[in-house]
Each structure stands twice: as C-alpha cells, then as structure tokens.
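Here is the structure we will look at.
The values are calculated or read from the model by the stated rules, or taken from the named source; none is laboratory data. Note that the structure is predicted; figures quoted are calculated from it, not measured. Note: ideal-geometry Cβ built from the backbone for every residue, glycine included; neighbour counts use all protein chains shown.
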Amino acid sequence: MGVIDAEIRAEATEPSALTARHESHARRVLRRFLRHRLAVFGGIMVVLLLSSALFAELLSPHDPLRIETSNRFFDPGQNLDYPLGTDELGRDTLSRLLHGGQVSLIVGIAAMLATVVTGSVIGIVSGYFGGWIDNILMRFVDTMLCFPQVFLLLVIAAFVTPTLLSISLIIGFTSWMEVARIVRSEILTLKEQDFIKAAIGFGSSHTRIMVRELLPNAMAPILVAATLKVATAVLMESYISYLGYGIQPPLASWGNMLTNAQGYFDTVPFLAILPGVMITFTVMSFNFLGDGLRDALDPRLKMEQ
C-alpha cells in the first residue's frame, strides 16, 4: 500500500511541477522582454497609439471633417480650441491626426492579419509536405519577391476602388512572402521532432498535425513577424495615400494629410511635420516591440537559470 500511495502522490504532484516549469519559462521570457528598454518603450507607445485610435471619437475636440474657412492656418497653440492648429480648410489638426491614426492603424492591423494568415498557410503547407509542393510554392514566393512591393501596390491600387478593406487586402497580399519563408523554416525544424513523429505514428491526419501540432509551436516567430508587419503596413498605407492611390479625402489618414500639406510646407510646415512625426513614431514603436519580442522568444538564446 505504501508503494501505491507514493505513486499516487507522485502523479498528483506531476501536473503542478509541469505548470511550474511553464510558469518559470513565461517569467524568463517576460524578464528578457523587460530588460529590453526600447521594447518596453515601444510596447507602451503601441498601447497608447491603439488606445488613441480606439477612443478617437471621445478624444477629438472637433469633428475632423468640419470646415471653417475663417479658422484657416491656426498655428499650434495659437488658439486653445485648436491646440495643434488648423489646416487649409479650417479643420482641427488634432482631430484629424486622431482619426487619421485610427484609419492608418485599422489598415495596418487588417493588412497584418491578411499577411500573417496567407504567409502562415503557405509556409506550413510548404514545409510540412516538402517535395514538389515545396518547390512550387517556394518558386512562387521567389517570383513575388522579384517585384518591389511598392510597385505591386501602385499597380494593383490603380485598378481598385480605394476603401479601407481594399487597401488592407492589397497591402496584405503583397507582403506575405517573408512570413511564408519564416514559417517554412520553422516547420522544417519542427516536423523532425519526436512529437510529430509520434502523431504520425498514431495515424493523425495531415490537417490535424499542421493545425494542432505544428502551428502552435511555430507561434513565436509568427507573433514577431505580425508585430513588424503592422509597422510595414502603416508605412505602405501612408505611402500610397500620399501618392493619391490610398485612402481618399475627406476621410483622414496620415498619408493623405501629408499630400494635402505639401503645397503649404514653406508657409505652414507643421501641417506636414505632425503627420510625418506620427508615421515615424508609430513605425518605430512597432519595430521596437517586434525586436523585443524576437529577442525574448528566441529559443536559441541561453535560458536564464
């Protein structure tokens, strides 16, 4: 009986020990991330940017589309009702920056989702099956990479009615190739592990192995790529909107705010500087966050004891 009781106690304590190991790993990852000061700064700024976009309606002091020609070209601080000044039509710059950030971040996140889903599916299928399927998919990836993304964006955008959805999909479906390569590389390593061989031995279907076994274990590089792709998508949206193929006025985005301001840069430079600073700040914050996540989740780094 004593031996049986000892075995029961050992089995009862095993799950808690396993949980402790997982919690310890999570703490080590969090500790690594917190030691990356730029990543912490980027994370805080990303939270603030997302919050300002989410609550843009509440934070905006004025309607961003309201035109008051009598209030044209107020400088920042000149009028307390318009703390960041007004544009060439008397519209409140602060309100337009908040709503422009909302549009730019919606496009960035939606494009990131399209990028990550497309790239992950192609990467998992290519890495798992290998052979001629891998060759065909990777040659397709190489072909897509031969064309500059900006060129593809402008060509496709010229024939598509610009909306939030269409711009997001265009950006997403022209920037998934790097994600596909990252995921494929991870799958090539994972599929040689014992737990995958065991799943195959138990007769698990290909779909189950890819979705239930490979995908969860490849989430770390996918998460890092997703964070960095938001920054890329925000930059691409601003670029094509600046060229007139993206979000169309009167709806504000940081890119078309730059377009509207370019004719007044010599006399009213703040109209171009403010959206330019927001684009730079957003891209920088997401890049810092992505770099920190990559360093914290990288399994090749020596784990702290």
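Is there a residue in segment 21-40 that is closer than 17 Å to M284 by Cβ and either touching a Leu at 6+ places or on another chain (Cβ under 8 Å) or modelled with pLDDT under 80 (or both)? Yes, because at least one residue in segment 21-40 is closer than 17 Å to M284 by Cβ and either touching a Leu at 6+ places or on another chain (Cβ under 8 Å) or modelled with pLDDT under 80 (or both). So which residues in segment 206-219 are of a type outside the set (S, T, Y) and surrounded by fewer than 17 Cβ atoms within 10 Å (Cβ to Cβ), if there are any at all? Residues satisfying the conditions are H206, R208, V211, R212, P216, N217, M219. Take the residues in segment 154-172 that are out of contact with any helix residue (DSSP H, G or I) (no Cβ under 6 Å at 6 or more places or on another chain) and polar (S, T, N, Q), then tell me which one is nearest to M144 (Cα to Cα). If we take residues in segment 154-172 being out of contact with any helix residue (DSSP H, G or I) (no Cβ under 6 Å at 6 or more places or on another chain) and polar (S, T, N, Q), then S166 is nearest to M144 (Cα to Cα).
Within segment 242-258, the set of residues being hydroxyl-bearing (S, T, Y), at pLDDT below 85 and touching a Gly at 6+ places or on another chain (Cβ under 9 Å) comprises just one member, Y242.
For segment 50-59, the criterion of being modelled with pLDDT of 90 or more, over 20 Å from the mean Cα position of the chain (by Cα), surrounded by fewer than 16 Cβ atoms within 10 Å (Cβ to Cβ) and among the aromatic types (F, W, Y) is satisfied by no residue at all. Scanning segment 60-84 for residues that are buried (at least 18 other Cβ atoms within 10 Å of the Cβ) and in contact (Cβ under 8 Å) with a residue 40 or more places away in the chain yields P64, L84. Look at V141 and say whether it is among the aliphatic types (A, V, I, L, M), within 30 Å of P221 (Cβ to Cβ) and in contact with a Lys or Arg (Cβ under 8 Å, 6 or more places away or on another chain). When the stated conditions are applied, V141 passes them.
Starting from segment 136-162, keep only residues that are at pLDDT 85 or above, then list their pairs with residues that are not small (G, A, S) and not in a helix (DSSP H, G or I) whose Cβ atoms are within a distance under 9 Å, requiring at least 6 positions of separation or different chains. Here the result reads V141/W176; M144/T174; M144/W176, each pair linking segment 136-162 to a residue that is not small (G, A, S) and not in a helix (DSSP H, G or I).
Residues in segment 252-300 that are part of a loop (DSSP other than H, G, I, E, B) and either surrounded by fewer than 17 Cβ atoms within 10 Å (Cβ to Cβ) or touching a strand residue (DSSP E or B) at 6+ places or on another chain (Cβ under 6 Å) (or both): F265, D266, T267, P269, D298, P299, R300. Determine whether segment 141-160 contains at least one residue that is surrounded by fewer than 18 Cβ atoms within 10 Å (Cβ to Cβ) and of a type in the set (D, E, K, R). Within segment 141-160, one or more residues are surrounded by fewer than 18 Cβ atoms within 10 Å (Cβ to Cβ) and of a type in the set (D, E, K, R).
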